[in-house]
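Chemist: Quick one: the structure is below, questions incoming.
The values are calculated or read from the model by the stated rules, or taken from the named source; none is laboratory data. Predicted model, so just to flag it, every value in this text is computed and none were measured. Here the Cβ positions follow ideal geometry from the backbone for every residue, glycine too, while neighbour counts run over all protein chains shown. Note: areas computed on protein heavy atoms with side chains; ligands, DNA, RNA excluded. Shrake-Rupley method; radii C 1.70, N 1.55, O 1.52, S 1.80 Å.
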Amino acid sequence: MKYRILSDEELQHLEGDLKAFLIINGIHGEEWARLNHEEPQKALELVELFSDQVLQTVYEKVKFLEHRTSDSCLVFHFGEQEQELIAIQKNPNSSVDLSTVEGIHNALIKTPQDLSFFTSKKNYNDPREQEIHQLIEQGAVLSDAGFWNSLKEVL
């Protein structure tokens, strides 16, 4: 597997896509039921392949991720060849909470002296989508260009 197997809930939401995937691979309803019953490992391999295709398609569309804790906010922008990072870190002994949008906004307006910023760029060590997957597995969530651009203006 390249990424991870989709959860039962995710597969339920993609049931039509899974059926189309199976048909494209020459497996129809009754045959799928037989495969699940008689060759569960082969059925699992097909679900893994489907999962990888779905996640690959999703990750190809990702442009921004963020990871927030009370101490820091990391925002990533994924280009074709490199990723950029804007990081906000609260200074020691600060009571700022960077885990929410409101907390970040308040800190930027009311107590910017309690924050440290840094930026970086790096080329991908692994394929772009694999790096996105790793960050999501570590707790990053989707973000957007508006948040990224707002932080760029602050810097």
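Chemist: Condition first: among the β-branched types (V, I, T), more than 20 Å from E137 (Cβ to Cβ) and open to solvent by less than 90 Å² (accessible area, probe 1.4 Å). Now tell me which residues in the range 1-49 satisfy that.
Modeler: Residues of the range 1-49 that are among the β-branched types (V, I, T), as a first pass: 5, 23-24, 27, 47.
Among the residues that remain, those that are also more than 20 Å from E137 (Cβ to Cβ) are: 23-24, 27.
I27, the sole residue that qualifies.
Chemist: Taking G26 and the conditions (1) outside any loop (DSSP other than H, G, I, E, B); (2) more than 30 Å from Q83 (Cβ to Cβ); (3) among the small types (G, A, S), which numbered condition does it fall short on, given that it satisfies the others?
Modeler: Result: G26 passes all but (1).
Chemist: Does the range 74-132 hold any residues that are among the hydrophobic types (A, V, I, L, M, F, W, C), without any contact (Cβ under 8 Å) to a residue 60 or more places away in the chain and surrounded by 12 or more Cβ atoms within 10 Å (Cβ to Cβ), and which are they?
Modeler: Scanning the range 74-132 gives F78, L85, A87, V96, L98, V101, I104, A107, L108, L115, F117.
Chemist: Let me ask something else. L155: over 30 Å from D52 (Cα atoms), touching a residue at least 60 places away in the same chain (Cβ under 8 Å) and surrounded by fewer than 14 Cβ atoms within 10 Å (Cβ to Cβ), yes or no? Show your work before the answer.
Modeler: Details: over 30 Å from D52 (Cα atoms): yes; touching a residue at least 60 places away in the same chain (Cβ under 8 Å): yes; surrounded by fewer than 14 Cβ atoms within 10 Å (Cβ to Cβ): yes.
For L155, the condition - over 30 Å from D52 (Cα atoms), touching a residue at least 60 places away in the same chain (Cβ under 8 Å) and surrounded by fewer than 14 Cβ atoms within 10 Å (Cβ to Cβ) - is met.
Chemist: In the range 39-54, is there at least one residue being hydroxyl-bearing (S, T, Y) and either under 19 Å from D126 (Cα atoms) or touching a helix residue (DSSP H, G or I) at 6+ places or on another chain (Cβ under 7 Å) (or both)?
Modeler: No, because not a single residue in the range 39-54 is hydroxyl-bearing (S, T, Y) and either under 19 Å from D126 (Cα atoms) or touching a helix residue (DSSP H, G or I) at 6+ places or on another chain (Cβ under 7 Å) (or both).
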